[in-house]
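Quick note: the coordinates plus some simple rules give every number you see, no bench work behind them. Here the structure is a predicted model, which means the values were calculated and not measured. Note: ideal-geometry Cβ built from the backbone for every residue, glycine included; neighbour counts use all protein chains shown.
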Amino acid sequence: MLNQFYPFYKPKLNIMMLFTRRFFVLSIALLLAVTASVPVNAQQTLNDVKKDRGLTDNDVLAAAKTFMPRGGRDEYFGFVGTGNSGTMIVYGLPSMRIYKYVGVFSPEPWQGYGYDDESSLLLKKASLDDKIDWYGDMRYPGFSETNGNYDGKHLFYSDGANSRIAMLDLEDFETKQVLSHPLFLSAFPGVAVTPNTDWVIQTSQFPATWDAQSSDLKSGITFWNFHKVEKTTKTGHAGRILKEKSITLELPPFTLGYSDAGKFGSDGYMVGLASKDGKNYVYLVDYNKVVGMKTKSVSNFAVVPFANANKDGVVAMIQLPAKANYVKVTPKGKYFITVGDETTVFDFAKAIKALTDKSFNGKVDGIPTIDAAAVKHGSIKLGNGVTDIAFEYRPNIAYASAFNDKKVVRWNYETLKKEGELKLDFKPGQLMVPQGMSASPHSNYLTVVDKEGLYKNFVSVGPIRPSFQHLIDISGDKMSDLYTMSLPQCNMYGSVAVLRTTIKPIIRYPTGTNSRTGEISPFKTVAGKEKIERKGNRVHVFGTLIRSHITPEIVEVNQGDIVTFHLTNLELAEDETHGFTIDTYGKHGSFEPGKTASLTFTADREGAFPYYCTEFCSALHLEMEGILLVKPKNWKGSKGGEITLTKKELAEYKKNYEDKLKVIAQTQDVINGVVKWLKENHYENYPYVKALVQDAVAQLNKAATPKANYEKFAKEGKWKDAFLWAEQYFQYQVKAADAGLRAKKLLTEKLGSK
Ligand SMILES: [Cu+2]
């Protein structure tokens, strides 16, 4: 019908629909044929496999320790920042399976992050020039805490390259906030979180100017104020960083490094690394005092001037004998440990007392210094090239990675004695024990970063290689290297992990949710309310997505119109995400069940542009398509009117129509049979089956209009139109039958498993 009015539109919809189903059947057949042609070994015993593959008992033991049987669940969720990629990897321990990449500082097309309007706005707001920064430098994540323990709610990241801070909600594993730092041009790519997540601490890295008015180089520590329950939304708690309540402590120009917050007895204090003129320090800050001090506004941000803070003795430096890579606070807050070839354990209480009593022995760049010897618990040489430490659940036990010695050392920071070591065949870097930076380190596992990926058993994938990390079993006296995980698109540094059961992710959004705000979108659209609104050259399409249909199927606009597709995924079922793209228009969205998102673009090219679902969602997934018709500028339309069909053509259409009615009747019999069976077996008692049946009914409800149309055109003797509408009706019927049959299959399984 359309091609009569738009000669530039090539009709493909109905023909394609028939073709794609055949194609689907064909590909399944091909797949089966290929599978069948793979040579299959005879039944093997474990010993056969060991012999065939040259595996030792230790190899098999290591495999058994990390193997996740079907239906099994990992004990921990691990989170790794990908460095320059600006995304985060979610993986499981001990299986080391990657579950998800989440866009944080960079656009990520799979979830439409930085592509749909909602997430583009979030990223644009955090950019200095209203453009999206296309990369990041994210190294050390911070977990939200309650009483010093990871509470599984939020993750925080600092972007060292573009001075941004991000907050993720683990309810749906999405980024909710990205803020641009108003003062720092250079930020350290890690954060520290205080024991109740009142403050997320981000420091500057290289000294820089803060505003155009001043050429003074400065450094600083920002205490981002975090509210756990900023607003109650449909989906839950929705904590937020509040910029207007955040404070920066101004410092003289030092290069700042890794920092950590005190706990329990040292709660209210933080420590961090600083260096200047070849000298190395650990600094101590009484932040409870800082956040209560008088501030001045710089670039609309509250700043505590250094002069004020120094006068009140809230900051001090302790000089270190050599460069340190990290400073970490022990789980119960008793010590802070600076990590390097000389690893030094400082007594937190003594350091606090020295700061409070102003027991200083000098000054560096105006900052008072505390004598290291007076506040030191002791120091230990753990190896050559000591890079990092991690704490575990046994009291006072920590691990250290000795890069040059290729070993991990187990040691006691109370007694300052080594307790064991594991020789490795690679140079170990950063370390992580699940919940290791919280008050309750948990696990029998230690992960070790390997930057080099040079081992004999890795295939070469070109000059740039993935990052690697090893999983080490630390449960017994004898440690063992269990598994090597590759992390693609990642230059890995630090990571965190938490007990999986601490995190309670949602399954679907309440229908119409803007996932970035947690609120119901004003563009939410429900079934039957789909519409296209036009005001001048501004076009809003309010559409819906449900297996296996995109409504509306045809959108007509004029060249130059500004068009927004507001789409809502109506699925009630689990894991029924639909993707959406318009061919060659550079737009992609991901629509998880219940989500509403918008895609805006200027329709600047004329033609017929198919749009379709990009996420495989059912056997009829390929039929989730429609077409955007962009009418050329100055298009006047054709002369119009029905093209006259010859008698023979008309007779052919009549026959096609009548044949189609027979197929429709047969399909209806199938549907009726399925419905009868489902009712007899009380499908309504099984929520997931019930959701599938609701989806099927929704498809059938859509079929009322095509039915009225084909009956009307048949009465008028317009057999071509009658046939095309009957075909349309059949499409809905097939989709309903598909959902119904899946419901039947699922219910059969459920009944069988009883
Ligand atoms: Cu789909």
Once phi is turned into θ = phi - 60°, what whole-Hz ³J(HN,Hα) does the Karplus curve with 6.51, -1.76 and 1.60 give for every residue of the stretch 526-542, x standing for Gly and Pro? 9, 4, x, 10, 5, 7, 10, 10, 10, 9, x, 9, 9, 10, 10, 9, 9
Using the alpha carbon gyration tensor of the stretch 46-130, what are the three equivalent-ellipsoid semi-axes (square root of 5 times each eigenvalue), largest first, in whole Å? 41, 12, 11
Lys, Arg +1 and Asp, Glu -1 on Cβ, resulting dipole of the chain about Cα centre, debye, nearest 20: 1100
What's the local net charge at Glu452, with K and R +1, D and E -1, over the other residues with C-beta under 9 Å away? +2
Beyond 19 Å, the calculated P(r) of the stretch 483-545 holds a percent of Cα-Cα pairs equal to 63
The residues Asp116, Asp477, sorted from fewest to most surrounding Cβ atoms within 10 Å, come out as Asp477, Asp116
So for Arg73, Arg164, Arg97, fewest C-beta neighbours within 10 Å to most, what's the order? Arg73, Arg97, Arg164
Quick check on the chain: helices-only [θ] at 222 nm, where DSSP H runs of length 4 and up contribute -39,500 (n - 2.57) each and the sum goes over total residues. Nearest 500, please. -7500 deg cm²/dmol
In Å, what Kirkwood hydrodynamic radius results for the stretch 379-534 from the alpha-carbon pair distances? 18.5
Extent along principal axes [Cα atoms of the chain; Å; largest to smallest]: 106, 72, 50
Show the residues, 5+ positions off or on another chain, whose built amide H is closer than 5 Å to the amide H of Tyr483. Leu471
Hey, can you grab everything whose amide H is under 5 Å from the amide H of Asn558? Only 5+ residues off in sequence or another chain; H modelled, so Pro and N-termini drop out. Lys631
Of Leu416, Asn396, Leu645, farthest towards positive along the dipole that unit charges on Lys, Arg, Asp, Glu beta carbons give the chain: Leu645
Work out the charge dipole of the stretch 516-581 with +1 on the Cβ of Lys and Arg and -1 on the Cβ of Asp and Glu about the Cα centre, then indicate which of Asn558, Phe523, Thr581 is farthest towards its positive end. Asn558
What dipole magnitude, in Debye to the nearest 20, does the stretch 317-362 give about its Cα centre under +1 on Lys/Arg Cβ and -1 on Asp/Glu Cβ? 200
What pairs from Lys296/Lys332; Lys65/Lys427; Lys294/Lys358; Lys595/Lys679 go past 27 Å between their alpha carbons? Lys296/Lys332; Lys595/Lys679
For the stretch 477-626, alpha-carbon Rg relative to the globular expectation (2.2 N^0.38 Å, N residues): 1.34
Hydropathy at least 0.0 by Kyte-Doolittle, axial extent at least 30 angstrom from the Cα trace: which helices of the chain, defined as entire DSSP H runs, fit? 13-37
Taking the Cβ of Leu183 as the centre, find all other residues whose Cβ is under 14 Å away and add up their charges (Lys, Arg: +1; Asp, Glu: -1). +1
Relative to the Cα centre, what is the charge dipole magnitude of the stretch 647-752, using +1 at the beta carbon of each Lys and Arg, -1 at the beta carbon of each Asp and Glu, and rounding to the nearest 20 debye? 140
Residues with amide H under 5 Å of Cys490's amide H, sequence separation 5 or more or different chain, H placed in the peptide plane at 1.01 Å from N; which? Ser467
Students often forget the sequence filter, so: which aspartates and glutamates lie under 12 Å Cα-Cα from Lys353 once same-chain residues fewer than 8 apart are removed? Asp286
Principal axis lengths of the stretch 647-752 from Cα atoms, whole Å, largest first? 56, 20, 16
